[in-house]
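Here's the structure, in structure tokens; my notes come after.
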Amino acid sequence: AALVGPAENGKAKLLDGILGDSKSPARHSSSSEVVMKEKMLKGDDHVYLVQFFNIPGKQRFLRHAPFYCAGCSAIIFCFDESVPSSFDHLKDWISTTLQDHEDSPVKLLINFKGEGRLQVDTKNAIALAQKYAMDFFEVDLSKGQGIKTALKSMITSVSKLIPKPMDPSNMIGKNIKICAKLFQNSKFAPPTEERAY
């Protein structure tokens, strides 16, 4: 899953919350590099190892956002409701990112409730989520609210894309990463003309 949005929108703190480390400083909040963290998350029937990629939020990285999200099963956009600019600039990040990933089946918009007062109208956030067919969630890490609900929704949506049985040849084109060696195994490989992503 890729965490996308402008700098100072709470992505690093949100990732800390996902990792269960919300009380410590966001040591991985560099805005000039992609940072990957892993977390075991429980779905309805299985436990999944999920990789989260915190995408750089500086303006110069905006045009690269679609490339950073290539191959991701889910895209998480977030903003800090106490920082109006994080919501205003997020619109550019969403439109730019989704120009190549509009058909991405799992998209989330998260209102990260920071420590400041509310300055973004929730109705506008919901309207933005509806415009791009995203699920909308509000997360308050200080109260431990919303994060589990958002993650469970993401896991449930992504797991529905995984064919049963999990034949690698049935996972092509669904943004579900599979091991290259497994994909190239002749036991599972479909005919050449069907192997395009």
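The values are calculated or read from the model by the stated rules, or taken from the named source; none is laboratory data. On a predicted model such as this, the values are computed, not experimentally measured, just so you know. Counting neighbours? That spans all protein chains shown, and the Cβs are built from the backbone with ideal geometry, glycine included. The area values use the complete protein model at the heavy-atom level, side chains included, leaving out ligands, DNA and RNA. Shrake-Rupley method; radii C 1.70, N 1.55, O 1.52, S 1.80 Å.
Got a number for carbon plus sulfur as a percent of segment 54-144's accessible area, 1.4 Å probe?
46 percent
Test of the criteria: in segment 49-145, which GluC sites (Glu not before Pro) are in a DSSP loop and have at most 16 other Cβ atoms within 10 angstrom of their Cβ?
Within segment 49-145, the qualifying GluC sites (Glu not before Pro) (loop, at most 16 other Cβ atoms within 10 Å) are 102, 115.
Taking the full set of protein chains and a 1.4 angstrom probe, give the accessible area of residue 94 in square angstrom, rounded to the nearest 10.
Solvent-accessible area, nearest 10 Å²: 0 Å².
Under a 5 Å amide H to amide H cut-off, with H placed in plane at 1.01 Å, what residues pair with residue 35 once short-range neighbours are removed?
54
Residue 89: accessible area at probe 1.4 Å, nearest 10 Å²?
Using a 1.4 Å probe on the heavy atoms, I get roughly 90 Å².
Ordering 45, 140, 100, 135 by how much accessible area each has at a 1.4 Å probe, largest first, what is the list?
Correct descending sequence by accessible area is 45, 100, 135, 140.
Pop the C-beta distance of residue 130 and residue 59 into the FRET formula with R0 = 22 Å and round what comes out to the nearest 0.05.
It comes to 0.25.
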